[in-house]
1. If you take the beta carbon distance between residue B:62 and residue B:100 as r and set R0 to 30 Å, what does 1/(1 + (r/R0)^6) give as a FRET efficiency, to the nearest 0.05?
2. Using alpha-carbon pairs under 8 Å, 6+ residues apart, how would you state the relative contact order of the range A:119-277 in percent?
3. What do the square roots of 5 times the Cα gyration tensor eigenvalues come to for the range B:39-117, in whole Å, largest first, as semi-axes of the equivalent ellipsoid?
4. Please express the Cα-Cα pair-distance distribution P(r) of the range A:135-196 as a list of whole percents, one per 5 Å bin, running from 0 to the bin with the greatest distance.
5. What is the calculated FRET efficiency for residue A:212 to residue A:84, with r their C-beta to C-beta distance and R₀ = 51 Å, to the nearest 0.05?
6. If we count other beta carbons within 10 Å of each Cβ, what is the order of A:175, A:74, fewest first?
7. Working from the alpha-carbon coordinates of the range A:164-281, get Rg over Rh, Rh being the Kirkwood radius.
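Laboratory data are not the source of any read-out in this text; all were calculated from the coordinates shown. Everything quoted here is computed from the prediction, not taken from an experiment. Counting neighbours? That spans all protein chains shown, and the Cβs are built from the backbone with ideal geometry, glycine included.
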């Protein structure tokens, strides 16, 4: 397995070069392809089996640090789509603990709980205690705001945050910003950041060098994926205008329980799988609700995201892994690598 | 009749009438009520059905969640607000004033509906 993933990334770059389009040109091309979806991952990538089996060991070669994103644990959910979401979260944590390169921290992009109940948060904390990565960062999902406008979420996970739970921190030269777009949602709307948070965000970025890599994370996607299902954020354009001047911006979201990615200029957007249950592709079902899959396939459509950061290239490699190793013949869902760099 | 006799007779008459009224109050009240005015709204696949429901003043509307996902029922004007409703849970509200009440699910704000009270 060792070397296979690195080989794959090298192969991808080679292929691009053989086309007569270098990576810079390729990324420009993809950016021109528009503000719509650039690609949806759906298995079938050569070596996706390698991704399933390892979890980024070789992409991490030369990486200065890595962290893992998990999302949508929905502790408390117990319907047919997954009667035991605590067990699948445990599987995700075991998988992270077993990674050959230790992540510096974990980011949970929201919907920690299903109904914002104390017992659900308690269970989540219990499982996360077993993570060898001791530092975990959170942002809330709409399911964490259900009983008390997110009061309990803030008490448990909101130390040092502002407003509904937004904050920023720096790690080895990378600036991370946790945004909350699930508070005070308006009838007929999608996700919302709100005026106060936008002001704070603009101020937070002031004075930072444009070569500082930026990672934004929020629950609901910060780009419009499917408005009918509320998959977008009404005022994200304004937020994204604040990061326009930076050379490398990575946006990590959850909420939709499937992987989607987009590159627009120097901004890479990525949504993660859930550790609880999958949801249908946009418009492919009557609603966005939990999607049942055969029990033996469940762990292939749930997963974690490993993000590797290379200081020298100022690039982040984002690698998704399903919870279960999948046979290449029947692989579906996750398994890809996105390597972006600043265009300099 | 003497005045005293009239007083007793009047009192007796009053009591008799009162007894008749109370005895008959059950059936009198029932026949005075309008036909069932309450309404149900179901939640299926992230949709309130029917999207607009019309009821008379004094009616009770009951929402029931058939989805695998919790929802809420929240008036956009702050008139009513349900607790979070998980699968098969209900929320009822009795409308005592005429008007048009727009509402939505605060968890999935694209879900909207209206209650018209006449």
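1. Approximately 0.95, to the nearest 0.05.
2. Value for the range A:119-277: 17 percent.
3. Numbers: eigenvalues 74, 29, 24 Å².
Taking √(5λ) for each eigenvalue gives 19, 12, 11 Å, largest first.
4. Calculated over all Cα pairs of the range A:135-196, the distribution is 4, 17, 28, 23, 15, 8, 3, 1, 0 percent.
5. Given R0 = 51 Å and the Cβ-Cβ separation, E is 0.75.
6. Numbers: A:175 20, A:74 29.
Ranked by crowding around the Cβ, least crowded first: A:175, A:74.
7. 0.95
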